[in-house]
1. In the range 85-114, what residues are open to solvent by 20 Å² or more (accessible area, probe 1.4 Å), on the phi < 0 side of the Ramachandran plot and either in contact with a Ser or Thr (Cβ under 7 Å, 6 or more places away or on another chain) or not in a helix (DSSP H, G or I) (or both)?
2. For the range 63-110, give me each residue that is in contact (Cβ under 8 Å) with a residue 60 or more places away in the chain and among the hydroxyl-bearing types (S, T, Y).
3. Of (1) exposed (fewer than 11 other Cβ atoms within 10 Å of the Cβ); (2) small (G, A, S); (3) modelled with pLDDT under 85, G24 satisfies all except one. Which?
4. Output the residue which, of all residues in the range 75-96 that are farther than 13 Å from F33 by Cα and not aliphatic (A, V, I, L, M), is modelled with the lowest pLDDT.
Amino acid sequence: MSAETPAVPGQFTRRRLQFRAWRGTRPFWAGLFVLLGGFPIMYFPYAHLQLGHLTLAMSTTAGAGSLIIGVLLVVLGISLWFQKHIRVFAGVASILLALVSIPVSNFGGFVLGFLFALIGGAMAVSWAPGAPPAPQDFEAAGPVAGGAPETAGDPAADTAIDGGHSQGYEVLGENDLSGTSPANGANGRHSAG
């Protein structure tokens, strides 16, 4: 392939869309924040700052601890990308390592690494895989439960059917976990006998 050979048309767009699809199925941004939080935590304890002819060594007595915390954060960040089922463990571990880095490694990499790891860990814990919405066909679904087919959706007909007052609640679906709703006659009180 020479420099004059044109690239396959649309290849960049196709790769970008593949990356977007891959990124959307995992806590990508949480992993990136945790990964970026590990670098300042493991770098600053070994760095030397040059001010003119003066060299400032920022190394601490816990340099090995800083290196371990930084490497663990980098590994947790990469794990969030490729092992999405460990997101809660990796998020909690990232938050704990970020908190431990405050006393161990120059205030958590001068607060920069601490904040990145803390935010990334919180994002990892709160991330949940999304389910694609199921297509709904409203015409085939029929009327709302409890209503006659010819009066479905008519508020005047609703008041006439149930004796003059509207119930004011929608049909309870699978998300009603309480078991206490006006639809099944329970009011939330348990019987004593």
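1. Those that are open to solvent by 20 Å² or more (accessible area, probe 1.4 Å), on the phi < 0 side of the Ramachandran plot and either in contact with a Ser or Thr (Cβ under 7 Å, 6 or more places away or on another chain) or not in a helix (DSSP H, G or I) (or both): I86, V104, F114.
2. Answer for the range 63-110, where residues must be in contact (Cβ under 8 Å) with a residue 60 or more places away in the chain and among the hydroxyl-bearing types (S, T, Y): S94, S101, S105.
3. (3)
4. Initially, the range 75-96 is screened for residues farther than 13 Å from F33 by Cα, giving 82-89, 92-93, 96.
If we keep only those that are not aliphatic (A, V, I, L, M) as well, we get 82-85, 87, 89.
Numbers: F82: 94, Q83: 92, K84: 87, H85: 91, R87: 93, F89: 96.
Among those that are farther than 13 Å from F33 by Cα and not aliphatic (A, V, I, L, M), it is K84.
A quick yes/no check of all residues on (1) more than 24 Å from I86 (Cα to Cα); (2) assigned to a loop (DSSP other than H, G, I, E, B); (3) open to solvent by 60 Å² or more (accessible area, probe 1.4 Å); (4) at pLDDT below 80:
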residue: M1; (1), (2), (3), (4): yes, yes, yes, yes
residue: P6; (1), (2), (3), (4): yes, yes, yes, yes
residue: F12; (1), (2), (3), (4): yes, no, yes, no
residue: R16; (1), (2), (3), (4): yes, no, yes, no
residue: R20; (1), (2), (3), (4): no, no, yes, no
residue: A30; (1), (2), (3), (4): no, no, no, no
residue: L35; (1), (2), (3), (4): no, no, no, no
residue: I41; (1), (2), (3), (4): no, no, no, no
residue: Q50; (1), (2), (3), (4): yes, no, yes, no
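The values are calculated or read from the model by the stated rules, or taken from the named source; none is laboratory data. Here the structure is a predicted model, which is why all the values come from computation and not from measurement. Glycine gets a Cβ as well: all are built from the backbone with ideal geometry, and neighbour counts include every protein chain shown. To get the accessible areas, we keep the full protein, side chains included, count just its heavy atoms, and leave off ligands, DNA and RNA. Shrake-Rupley method; radii C 1.70, N 1.55, O 1.52, S 1.80 Å.
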